[in-house]
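Structure first, then comments.
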Amino acid sequence: MIIKERFLKIAVIASASIIFAISFLTAISRTTHAAAATKDLDPGSTWVINETTNLSSLTIPDGANIAAPKGYRVTMTVNGVETGQVLETWTGVDYKFAPGTYKGDIILTVTEANDVSRESGGGGTGAGKTAVYPFRQALYLDKGGINDGKSVLAAVQGEKPAGFDIKNINIKSKGTFYKNPTSLGGTGFNGIYAAGGSYNLKNIKINFFGDGRSDFVGFGTAVIASGKGTRLVLDNATINTQGIVRSGVIATGGSNLIVKNSKIQVKNGVLPPDYVNTMDTSQMRSSLWISGIEGTTRATSLLGVGTLATYINSNISFEGWGGLSTDGARESKLIAINCKINNTGKSGYGQYNNSNAVTRILGCEFNVASVGSATDSGSVYLGNSTREAVEALDRELGLGLTSEELRSIPEKHTIINSGFQGVLWHGTGCALTISGGTIINSKHTVFIDKSAYTDIQVDGSQGARLNPENGIIMQVMDDDEPTYDWQTGIWVEYYEDPTGPVIKDDSHDIYTAKGTDALAKFSNIELKGDFYNSARGGQKKIPMGEGTTDVSKNLGLTFDKASITGAISASNALHYYNGKYYPKIGKNDIIVFNRVINTPSPAVNNGVIVNLTNGSKWTVTGTSYLTKLVLDGSSSVTAKKGASVFMTIDSNKTEIKPGQTYTGAIVVSVK
């Protein structure tokens, strides 16, 4: 009897399940039928949708738009690809749907708003104003997991994403570039936005074609990690973007981003013909022409306070602007281990250091058109990817590398191949340490200092080498960036080479190398090339700020167990390119920035202090004007075979002897 009752209960449950299944299938049939619906908007109308909607055809005439209720955003995908939205105005942050007819599997997804506020900096009309950027993203990740309410899951193809380990997904966005004044191109869509939690993403593919909006907040970036407590690991990710400020990866807000075994490739977009180059961060969509570099998209960027970004065994390529960037970051760290950074266009820097960021480059290869490393502040280290160094970073930064991963990272040395210059300093200044087997090959000068302080430490005991094709190892020069107007947010039309005699700065001591000067120490290395200091000094208007500053700058060189063959001198310098003198440099002459020809001359405000220690030898090849020369008992100053070296101090012939210190108007020459 009991068995019979159980059988009857099971039969009832089974019948109910069948009835429910039939109802569910009917619902699916109805949904599928709804998905085949078409929609033609009326001109000038706005269709407000309250829930995700499926269509097979959608026509949006001029002046019509689609919107979501307040506090929500709407995103369109066609056959799984985000598309359809453009900026309402070039200077604004709000989007509208572009006119046209869309056909296919159309899904209009309604999501909760993810609005990110940022106060604009850099001067101009936006300075001090707060802009609210209406983010939309395929995946919104937070400490609770995937936030379905803020995610456009219709844009995620491949395996269904779930939990904190996400793999095998594809995200695509196809927008439009700038076309005309009434249709300002850009999709402003993000692929992955991580705002909390610890995530491991593997085998991720993102392809974005169309403009972003701001890489100072990551609006339009393929992947962004944001916020303290966010840890995002990308393993075997493939990211391709093309457009204006359409960055590949950005870390900000104290997050910890780890990218390994991945490929990031970004290409330029097309700027409107009336775009005005500016440092106003709410409008900045390209590199600055005053830097001598062109491009509209940085491959990666590090922003915010205490942010960490590490790239391991990855390929990073960019058409213009930059590869590894820090901007507006404080107490942040950028690490690259065994990566290749390739500049595929005709202009760009490999790495940029800003806002006192700490950057460590281990075992990486840079192939760039303009500058290997450009620096404003902080510190940069170039060296080998030794097991000890990688393990130390793993512990320090919480990289979570397995013992197998650590064993699989081979030791390599860093190589910078630059079509122009190796390392450039401007602004405040930056410390640079070069060790291991680091090699810098540059078509032009290796180190170019535009009146910033430097603390350069080069140790060649393990094979580090500096190879300038133009024969100049280090050039200290006037900052040739035109003056910036913080009210308008634009630069004066050109930089003009100063003329006339240099005015003596009585407050500046040209016989003492101080921490604010251009300092460099070379140890255990053989150098061939010249050193020049052409900084005129005195008071000068701050190019990217208000007021004036004293730009008198000494060049202080220390050689320790080193040999140097070349000239070391104070000089006068003028801008030349391809044999032509450029007394003025404007936005149409950006290739001329940092290109000067020296005439060795007595120092005025540009002292040159040379210190030879521990058996160092300076082989003089050309007339050199110094203000101080120090030799310990084991060091020497000589000339090449068949020539003799002579020295005068204040026009008095003086013998060069080991163990002596000489101060004054020193001229070292050879016959």
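Quick note: the coordinates plus some simple rules give every number you see, no bench work behind them. As the structure is a prediction and not an experimental result, all values here were calculated from the model. Cβ placement follows ideal geometry from the backbone for every residue including glycine, while neighbour counts extend to all protein chains displayed.
State the Cα centre-to-centre distance between segment 519-574 and segment 337-387 in whole Å.
Taking the Cα centre of segment 337-387 as reference, the centre of segment 519-574 is 22 Å away.
Computed from the mean reciprocal separation of all distinct C-alpha pairs, what Kirkwood hydrodynamic radius does segment 188-285 have, in Å?
Answer for segment 188-285: a Kirkwood hydrodynamic radius of 13.8 Å.
Which ordering of 477, 647 is given by a fewest-first count of other beta-carbon atoms within 10 Å? Before the final figure, lay out the partial values.
Working: 477 24, 647 19.
In order of increasing Cβ crowding within 10 Å: 647, 477.
Cα-Cα over 20 Å: which of 540/628; 96/129; 333/541; 174/587; 263/340? Walk me through the intermediate numbers first.
Values: 540/628 26 Å; 96/129 23 Å; 333/541 31 Å; 174/587 32 Å; 263/340 10 Å.
Those over the limit are 540/628; 96/129; 333/541; 174/587.
Residue by residue, what Karplus-based ³J(HN,Hα) values in Hz, rounded to whole numbers, does segment 113-128 have, using 6.51, -1.76 and 1.60 with θ = phi - 60° and x for Gly and Pro?
Karplus values, whole Hz, x for Gly and Pro: 5, 10, 8, 10, 9, 8, 7, 6, x, x, x, x, 5, x, 4, x.
Using a simple spin-label model with points 7 Å from Cα along the Cα→Cβ vector, what separation in nm is obtained for residue 461 and residue 584?
Taking the two extended label points, one gets 5.4 nm.
Normalised radius of gyration for segment 365-473, please: alpha carbon Rg relative to 2.2 N^0.38 Å, two decimal places. Each step should come with its number before you reach the end.
Details: Rg = 15.2 Å, N = 109, 2.2 N^0.38 = 13.1 Å.
Ratio of Cα Rg to 2.2 N^0.38 Å: 1.16.
Given the Cα-Cα distance of residue 236 and residue 356 and 0.36 nm per residue of separation, how much length would full extension add, in nm?
Values: separation 120, 0.36 × 120 = 43.20 nm, distance 3.03 nm.
Taking 0.36 nm per residue and subtracting the Cα distance, the gain is 40.2 nm.
Divide by every residue of the chain the summed helix terms, -39500 (n - 2.57) for each DSSP H run of at least 4, and state the resulting mean residue ellipticity at 222 nm, rounded to the nearest 500 deg cm²/dmol. Spell out each step's value before the answer.
Values: 3 runs with 51 residues, N = 671.
Rounded to the nearest 500, the figure is -2500 deg cm²/dmol.
Once both axes come from the Cα atoms, what is the angle between helix 2-35 and the longest principal axis of the chain, in degrees from 0 to 90, rounded to 10?
So the inclination is approximately 60 degrees.
Please find the FRET efficiency linking residue 408 to residue 470, where r is the Cβ-Cβ separation and R0 is fixed at 45 Å, and quote it to the nearest 0.05.
On the way: r = 40 Å, r/R0 = 0.88.
My answer for the efficiency is 0.70.
Determine ³J(HN,Hα), in whole Hz, for all residues of segment 386-393 in sequence, where each value follows from phi through the Karplus function 6.51 cos²θ - 1.76 cosθ + 1.60 and θ = phi - 60°; x replaces Gly and Pro.
5, 4, 5, 5, 5, 5, 5, 5
Can you give the translational diffusion coefficient of segment 71-152 in µm²/s, computed by Stokes-Einstein from the Kirkwood radius over Cα pairs at 25 °C and 0.890 mPa s?
Working: Rh = 14.6 Å.
The Stokes-Einstein estimate is 169 µm²/s.
Which FRET efficiency, nearest 0.05, do residue 160 and residue 132 yield, Cβ-Cβ r, R0 35 Å? Intermediate values should be presented prior to the final figure.
Numbers: r = 32 Å, r/R0 = 0.92.
Computed FRET efficiency for residue 160 and residue 132 comes out at 0.65.
Can you list the aspartates and glutamates whose alpha carbon sits under 12 Å from that of residue 346, skipping same-chain ones fewer than 8 residues off?
Leaving aside aspartates and glutamates fewer than 8 places away in the same chain, those within reach of residue 346 are 294, 319.
As a footprinting exposure proxy, order 284, 279, 474 by other Cβ within 10 Å, with the fewest listed first.
On the way: 284 22, 279 19, 474 27.
Sorted ascending by nearby Cβ count, the order is 279, 284, 474.
In square nanometres, what is the average projected area of the Cα convex hull of the chain?
On the way: hull surface 143.6 nm².
Mean orientational projected area (the chain, Cα hull): 35.9 nm².
Using θ = phi - 60° and the Karplus curve 6.51 cos²θ - 1.76 cosθ + 1.60, what whole-Hz ³J(HN,Hα) does each residue of segment 640-645 get, with Gly and Pro shown as x?
Along segment 640-645, the couplings run 5, 4, x, 10, 10, 10 Hz.
Provide the percentage of antiparallel DSSP beta bridges, counting only those with both residues in the chain; round to the nearest 5. Intermediate values should be presented prior to the final figure.
Working: 61 of 231 bridges.
Rounded to the nearest five, the antiparallel share is 25 percent.
Given H placed on each backbone N at 1.01 Å, which residues far from residue 39 in sequence or on other chains put an amide H within less than 5 Å of it?
57, 58, 59
Could you line up 569, 451, 117, 57 from fewest to most neighbouring Cβ atoms inside 10 Å?
Details: 569 28, 451 25, 117 9, 57 14.
Placing the least packed residue first, the sequence is 117, 57, 451, 569.
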